[in-house]
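Input: a single structure, listed below in structure tokens.
What follows draws every value from the coordinates through simple rules; no lab data is involved. Bear in mind the structure is a predicted one, so any value in this text is a computation, not a measurement. So basically every Cβ, Gly included, is an ideal-geometry build from the backbone, and we count neighbours across all protein chains shown.
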Amino acid sequence: MENTRNNAEKLANFYLAIMELDNDVDTLEWKVNLDPAQVNQWQQGTPALAVCPPEINPEKLFTRFYSVAEACQKWQVGPQPLPEDFLVALKQLDEDQRKDLLNSLLLINGHKARWAKELRVSAELLDFIALNTFKPLLKSYGQAVLKQLPLTSWTASHCPVCGDQPTMAKLVGKEGARKLYCGRCETEWRYKRLGCPYCEDDNASEASFITLEDKKQYRVYLCDHCKSYLKTVDERVVGEVDLFCEDLATADLDELARAEGYRRGDRRQQV
């Protein structure tokens, strides 16, 4: 219990440090203008980030990436400890390498594995740093691009903005409609109530959910087809919630699901 509390305190301090970096978001905003062909491509299921990738400022974005890595090392958070020589290796990258690293981590199908090997860290740790580097920027990008797209027509299970897998879900409205949530860009979109959003299996006999007697607002949906789970908050019980905070606050549900032989559908490790 003491170890869990210490980890929670470290993570809280880490996110406080990251929030202080977000003051630079305004200088890194991107203008987004979609033409009809791009809108049609998006409607076919291609996320906006792949349809209309933003122009990035490599220098400013790399500075943020380095600062996130520093905070990660200082507060000892992440899937694994950050190697001492990681920051040194980052500083040694030339301008073209830095730009390639950022582009590889920004796009879902980038060369993350190659860069993990190059920098001698795990792909999961590199993903953790990238996630916290890009999140406020992708959130800003998503808000801009979704003003030009009919989000209600999106039916895919992956994020309509960045293409990532959902991190959590919530049940909203009188009917308990399901909305998926992307932890990478904080986009929410409606998805069918039944079926696994990870393997897209609709077989009800292979799906179930677990809950806790003293936490009825939470459900952990389990898929026996792909052995993944999805934490879900019922807003009909508790009202509107922040799913980023809910994900951090429900680590016990992750442990419960893992103990039953399931893993997070977004494949991220719980920090």
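Quick notes on this structure:
- Estimated 222 nm signal from helices in the chain, with DSSP H stretches of n ≥ 4 weighted -39500 (n - 2.57), rounded to 500: -13000 deg cm²/dmol
- Packing around the peptides 245-251, 178-184, taken as the average count of other Cβ atoms within 10 Å per residue, puts them in this order, highest first: 178-184, 245-251.
- Gaussian network model of the chain, springs between alpha carbon atoms under 10 Å - residue of ASP214, ASP202, ASP127 with greatest fluctuation: ASP214
- Rough spin-label spacing in nm, given labels placed 7 Å along Cα→Cβ, for LYS10 and LYS215: 2.1
- Put the Cα centre of the stretch 153-169 next to the Cα centre of the stretch 109-145 and the gap is 17 Å.
- If the segment from GLU200 to ARG258 were pulled out straight at 0.36 nm per residue, it would be longer than the present Cα-Cα gap by 18.8 nm.
- Pair GLN97, ARG190: separation of 7 Å Cα→Cβ label points (nm): 4.9
- Taking the Cα centre of the stretch 152-271 as reference, the dipole from Cβ charges on Lys and Arg (+1) and Asp and Glu (-1) amounts to some 200 debye.
- Comparing PRO47, PRO36, PRO160 in a Gaussian network model of the chain, where Cα atoms under 10 Å apart are tied by springs, the biggest mean-square fluctuation is seen for PRO36.
- Listed peptides 81-94, 53-66 appear in the order 53-66, 81-94 once ranked by packing, highest mean of other Cβ atoms within 10 Å at the front.
- Entries of LYS179/LYS216; LYS139/LYS215; LYS170/LYS216 with Cα pairs more than 24 Å apart: LYS139/LYS215
- Packing, taken as the mean count of other beta carbons within 10 Å per residue, orders the peptides 7-14, 219-226 from highest to lowest as 219-226, 7-14.
- Rg ratio for the stretch 1-149: its Cα radius of gyration over 2.2 N^0.38 Å, N being its residue count, equals 1.13.
- Springs join every pair of Cα atoms under 10 Å in this Gaussian network model of the chain, and among VAL39, VAL172, VAL238 the largest mean-square fluctuation is at VAL238.
- Net length gained if the chain between GLN43 and GLU118 were fully extended (0.36 nm per residue, minus Cα distance): 23.4 nm
- Scanning residues 5 or more positions from MET168 or on other chains, those with amide H under 5 Å from its amide H are TYR181, GLY183, with H placed 1.01 Å from N in the peptide plane.
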